[in-house]
Structures are given as structure tokens and as C-alpha cells.
Amino acid sequence: MRKEKIGAVMGSAMLVMSLLGGCGAPSDPAAVQDNAPAVQTIPDPTNAAELYERYMANENHDNYHMSMTFDMGMTMVGEEIKTTMVEEVDTAGNGAHGTIKALANDETTETELYVAEEDGSYAAYVKEPETDTWMRQEYGYASPTDVDSLFGDEGKYADAEFEKTDDGYLVTISGLGAEELSSQLGSLDSLGTDVADAVQDAFKNTTMVVEFDKDCLPRKASFGVNIPLEDTSVGSLISNIAYDMTMKMDSYGTIDPESVALPESIKKSAVVSDATTEPQLPLSENDKGVASDGKDN
């Protein structure tokens with residue numbers, strides 16, 4: 001029974017994982033000749049909603065490398081247990097490719113992931129670590145882009161805190177995925193609805209900080225959430241769960257679409273799963289938790 005409960009909690013961690021216009025800096029006046037036509041500059045965004053629009057309008061917003069570290073800590077019968085997921089994913093347009101590494105109980109498991117557009121929707125292809133079998137799942141979101149799914153939709157930006165910094169912009173988003181999360185807690189049912197309620201309440205009160213550069217492109221996102229379970233049906237076994245995520249984005253505009261394209265041999269040999277892969281956190285319909293998805297499998 002204890003193993004089943006541990007497995008269910010670990011599964012929830014995977015689910016929560018498998019839980020973002022160019023602004024442009026003004027031109028240098030010294031570089032403009034006196035007889036050259038005036039250069040029209042775009043005003044800096046004045047709030048988070050305008051920043052989000054600039055991000056989505058930037059031609060490189062869907063071409064980047066993403067590194068993510070996701071830690072889950074659990075206090076079980078007074079003992080601390082930690083699981084770490086590390087993702088390295090390249091995204092270019094309608095495709096993504098990367099690796100997911102899980103470190104738990106002194107063991108490391110690594111798998112490979114592709115996300116590809118097929119007939120107007122997206123599918124995730126994940127390599128099973130033990131058998132090397134490729135599994136295909138419906139992706140469940142309208143784009144493979146991690147950033148937008150994690151940070152959007154636009155509604156979340158409407159009320160987000162906004163601050164201009166020396167390096168760009170800082171946005172603080174509250175109520176991280178509360179509504180979306182409620183539909184993704186199936187794996188917690190075996191632990192009781194009160195556990196699912198505790199997780200949802202914790203995320204409602206969680207904030208995520210997103211750092212954007214001067215080109216309105218996100219460079220880093222992070223959040224942490226602590227979920228006390230002492231007063232729930234599993235409290236005698238699991239008293240606390242904590243999640244911490246840090247995601248970094250770089251190499252905008254440098255990813256070759258061919259390098260993330262799904263090989264035809266994998267597409268043909270993949271075993272189709274009835275499950276639907278959901279992105280890394282509780283996210284928006286705009287997008288991806290690309291990398292996380294693979295792990296749920």
C-alpha cells in the first residue's frame with residue numbers, strides 16, 4: 001500500500017511537469033547619418049499585456065533552446081525524498097526535440113522526445129527508456145512552444161505585475177494554472193479528493209516570476225510551491241510535497257528546423273497510445289510544456 005501511494009505521488013509530479021513583435025532596443029543615434037530617413041522606434045511596453053503581445057509578435061519567439069530543472073521534494077514518514085527532472089529541448093516553429101532525464105532514488109533514467117504537427121494538431125513521440133520503443137500520444141495543446149504554454153494565455157498577463165529593469169522586464173504571474181490544473185489531477189484520485197484540493201489550492205496561491213530581455217523574449221522563469229498534506233487522507237504517510245521549477249531560454253533564432261524534425265522512421269514505427277500528453281505544468285491552451293510531456297509516459 002505504501003508503494004502504491006508513493007507511486008501515485010510520483011505520478012502526480014510527472015503530471016504537474018507534464019506541467020512563454022520584436023521590442024528591440026532603439027537604434028544608436030550615432031549610427032544614423034544626418035541625411036538618412038528617420039527611424040521609427042516602437043515604444044517600450046508599459047504593462048505585462050503589452051509585453052506579452054510583443055513577445056508573441058517577435059519572429060524568433062518560437063525558435064529557441066530551453067533548459068529546465070524541476071525538483072519535487074516529499075516528506076514521507078519524516079524522511080525527505082527528492083526527485084529531479086532535467087530537460088534540454090530545442091524548439092523551431094512547429095517541431096521540438098530534446099531529452100528528459102529523471103534522477104530519483106540514486107537512479108537516473110533518460111529518454112528522448114519529439115513534438116510534431118500532424119493534420120492541424122500536435123503529437124508527442126516519446127522513447128520508452130526500458131524498451132527503446134517509441135510511443136505516440138496526442139499532444140493536447142495548440143503549439144509545441146514551452147514558453148507560451150507556461151506563461152500564457154493573455155488573460156494571465158492582464159493582471160500580472162510588471163516592472164522594467166536594467167536588462168529588460170520582470171513579470172510576476174499569480175494563480176499559476178489553478179483552473180487548468182483542476183482538470184489534470186486524475187492521477188491523484190487514488191489519494192483522495194482532499195489531496196487534489198490541497199494541490200489546487202496551493203497552485204492558486206503560487207506566483208511565477210518571468211524575466212524578459214529588452215527584445216521582449218523570456219529568458220528565465222521560476223516558481224516554487226509548498227503543499228502541506230498533514231490534514232489530508234494521506235497526512236499520516238506524506239506530510240508535505242514541494243515543487244520548484246527553473247526554466248531558462250536562450251539561442252533564439254538559431255535552431256535549425258531540420259534538427260528538430262521528426263524522422264519518418266520513428267513516425268512509422270511508433271506505437272499509438274490512447275493517452276493524451278499534457279504539457280509540463282498546468283498550462284494554457286496556447287501551448288506546450290513540450291519537454292515535460294514525454295515523462296508522463
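Quick look at the values:
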quantity: Residue list for region 255-297, filter: over 15 Å from Asn94 (Cα atoms), among the hydroxyl-bearing types (Ser, Thr, Tyr) and modelled with pLDDT of 90 or more; calculated: Ser265, Ser269
quantity: Failed item, numbered, when Tyr114 is tested on (1) out of contact with any His (no Cβ under 8 Å at 6 or more places or on another chain); (2) surrounded by 24 or more Cβ atoms within 10 Å (Cβ to Cβ); (3) modelled with pLDDT of 90 or more; calculated: (1)
quantity: Residue in region 196-209 that is part of a strand (DSSP E or B), of a type outside the set (S, T, N, Q), under 18 Å from the mean Cα position of the chain (by Cα) and on the phi < 0 side of the Ramachandran plot present; calculated: yes
quantity: Residue in region 54-84 that is farthest from Val195 (Cα to Cα), counting only those that are surrounded by fewer than 17 Cβ atoms within 10 Å (Cβ to Cβ) and charged (D, E, K, R); calculated: Glu59
quantity: Selection count where residues are surrounded by fewer than 17 Cβ atoms within 10 Å (Cβ to Cβ) and either at positive phi or among the hydrophobic types (A, V, I, L, M, F, W, C) (or both), scope region 95-111; calculated: 4
quantity: Checklist (1) modelled with pLDDT under 85; (2) crowded, with 19+ Cβ neighbours inside 10 Å; (3) more than 30 Å from Tyr64 (Cβ to Cβ) applied to Gly235, failing item; calculated: (2)
quantity: Residue match in region 124-139 (condition: surrounded by 14 or more Cβ atoms within 10 Å (Cβ to Cβ), not charged (D, E, K, R) and not in a strand (DSSP E or B)); calculated: yes
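The values are calculated or read from the model by the stated rules, or taken from the named source; none is laboratory data. Model, not experiment: these values are computed from the prediction. Because the Cβ atoms are built from the backbone with ideal geometry, glycine has one as well, and the counts that use them run over all protein chains shown.
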